[in-house]
Amino acid sequence: MPTEIIIGIGLAIVVFLFINGINALPLMVIGLLAYVMQNYMDKSNIIKTSKPPEASKTITFDDIGGQETAKNELLEALDFIKNYDEISKMGIRPLKGILLTGAPGTGKTLLAMAASNYIDSAFISVSGSEFIELYAGVGAQRVRQLFKTARELARKNSKRHCVIFIDEIEVIAGVRGKNTNHLEYDQTLNQLLVEMDGLSAKEDDVKILVIGATNRPDILDPAILRPGRFDRIVKVNLPDKEGRLQILKLHTRGKPLAEDVDLEQIAKETFGFSGAHLENLCNEAAILARRSGEKVIRHCHFMEAIDKVIMGEKLNRKPTKDEMRRIAIHECGHALISEYFKPNSVSTITITSRGEALGYMRQKREDDIYLYTKSYLEAQIAIALAGAAAEEIMLGDGSTGASGDIDHAVDLAKEIIFSGMSEMGVVDRDSIPLKELHKEISKIINNQKEKVKEIIEKHKDELNKIIDYLMENEKIDGETFRSFLKDLKNFKAA
Ligand code: ATP
């Protein structure tokens, strides 16, 4: 019955009793207390499913691009559940939990949904933060309720299994005793452990599989990771080039693509993008195409969408002409040195303000790199310093625009030192004196800066031509940029 009707009836009774000379105050207090208690119990029992259950029904492993290792590991674990009768004869117990770990947007939720579909189970999705309330005991109550709801849902849908997907599991499964409100957190985690321990009960007609997801496996309580709870830990990494291509194919399915769209090229240009970034990229490209009044999405829309996804929307903010020239000099400095160390590496240079950046130079990578050599890191330091060096050479002084580049160069120098590749040899990063560290960082950085200044000095004339072009057009693609350097025979050796 709606609350308004109950309150109306209650008030009518109170008025009736009052008219008949009966003191209704105690009755009112009891009613109010009962109402508050009921509300509290209702709230503590609420399990909000973060994703509509229908969404899970349509996702299969074919809808997930890349992630082959994660898919295979997950599939093997799921086969144990699917073929439970067969494997139980061998004395193998089914898995109770699978933990998916990895960067945001890599497809953990999708994998959980596909897993649920694969074993034809009911699916409930919750987030760790939904369990935590100020009141002690509410989280534990919600965990009990969650497992109860999961069983009911499976029975209602005539399923033998239910997948409970807990996103951001670190919120409830962080190391116990570490939280300020730790009693509530600890009780919630304890209840989750109790429920998971009870999952293998033979008489249970519904088998429950808990799939947890986290970006922070490092802060999880060891108790949750011990075998018998989350038996499988599946790493979901950022996709490699092949994975990115597959994801791009999935997200351009059904979109009107022009013939010039080269998805392989886009996959190359999107190193470090997660699946969520790539989905967003395809969407932004379509929006850009529509904005420019076209019926199909062209390659240039994807290229602009990459800039947008990395840097943010174009800003109306227009720097002064002098500032624009400084930005152009800075970005061309980065590009010249990038091309010097790695021919063909410049993808675009732009001096249009986007997000936090006034301008930027984007490099393309031919291959994903997992190990960095000393010469690679030194070249990256040189590229980072080249913006400031170009400003100093062409304008006589530097600017605050280089502070981010300096931070980046320092981080790279530290990487050289801590990997034992500097002149200091092998060092212990925790006990190296700060003064020594600082001296070595400065040495590495100053060496590179000298080299960079020399190269820029030699190519001042070509640089000036590129800067003029950039001032006029605001953007220059890699090919055009290289055409300005073409006349320089053997550019690298010059
Ligand atoms: P978070 O850690 O932030 O919760 P997540 O890892 O759970 O993120 P999902 O919610 O599964 O990421 O993915 C977000 C969106 O990104 C998906 O809806 C999908 O559009 C896209 N996506 C991510 N990974 C993939 C993939 N491997 N294949 C296809 N699409 C993907």
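Every number in this text was worked out from the coordinates using simple rules, so none of it is lab data. Just so it is clear, the model here is predicted, and its values are computed rather than measured. Every residue, glycine as well, gets a Cβ built from its backbone with ideal geometry; the counts of neighbours run over all protein chains shown.
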Within segment 159-175, backbone nitrogen closer than 17 Å to the virtual label 7 Å beyond the Cα of N190 toward Cβ: 172-175
Let me have the 222 nm mean residue ellipticity of the chain computed from DSSP H runs of 4+ only, each contributing -39500 (n - 2.57), with the sum over all residues rounded to the nearest 500. -18000 deg cm²/dmol
Phi-based couplings in Hz for segment 120-129 (Karplus 6.51, -1.76, 1.60; Gly and Pro marked x): 6, 10, 6, 9, 10, 10, 9, 10, x, 5
How far apart, in nm, are the 7 Å Cα→Cβ label points at L434 and N447? 2.5
At a 10 Å Cβ-Cβ cut-off, how would you order Y360, Y370, Y118, fewest neighbours first? Y370, Y118, Y360
Going by amide H atoms built from the backbone, whose H comes under 5 Å of the H on C162, apart from near neighbours? A122, K207, I208, L209
Could you pull out every residue, at least 5 positions away or on a different chain, whose amide H is within less than 5 Å of the one on L257? Hs are placed 1.01 Å off N in the peptide plane, and Pro or chain starts have none. I297
List, in the order given, every pair from K318/K364; K318/K475; K295/K364; K465/K486; K89/K156; K268/K314 whose Cα-Cα distance in the structure shown is over 21 Å. K318/K364; K295/K364; K89/K156; K268/K314
Can you list residues whose amide H is under 5 Å from S125's amide H, if they're 5+ apart or on another chain and H is modeled 1.01 Å from N? S50, K51, F165
Let me check the size of segment 241-311 from its C-alpha atoms; what are the radius of gyration and Dmax in Å? 10.8, 32
Take peptides 151-162, 80-91 and line them up by average Cβ neighbours within 10 Å, highest first, as a rough protection proxy. 151-162, 80-91
Can you give the angle from 0 to 90° between the axis of helix 182-197 and the longest principal axis of the chain, with both taken from C-alpha atoms, to the nearest 10? 80
Could you please rank F123, F273, placing first whichever residue has the fewest other Cβ atoms within 10 Å of its Cβ? F273, F123
In vacuum, with every alpha carbon of the chain counted as one equal point scatterer, what does the Debye formula give for log10 I(q)/I(0) at q = 0.06, 0.12 Å⁻¹? Two decimals, please. -0.44, -1.13
Inter-label distance, nm, simple model (7 Å from Cα along the C-beta direction), K465/K314: 2.7
In nm, give the distance between the simple-model label positions of A24 and I92, each being 7 Å from the Cα along the Cα-to-Cβ direction. 6.8
Neighbour-count order for R142, R216, R362, fewest beta carbons within 10 angstrom listed first: R216, R362, R142
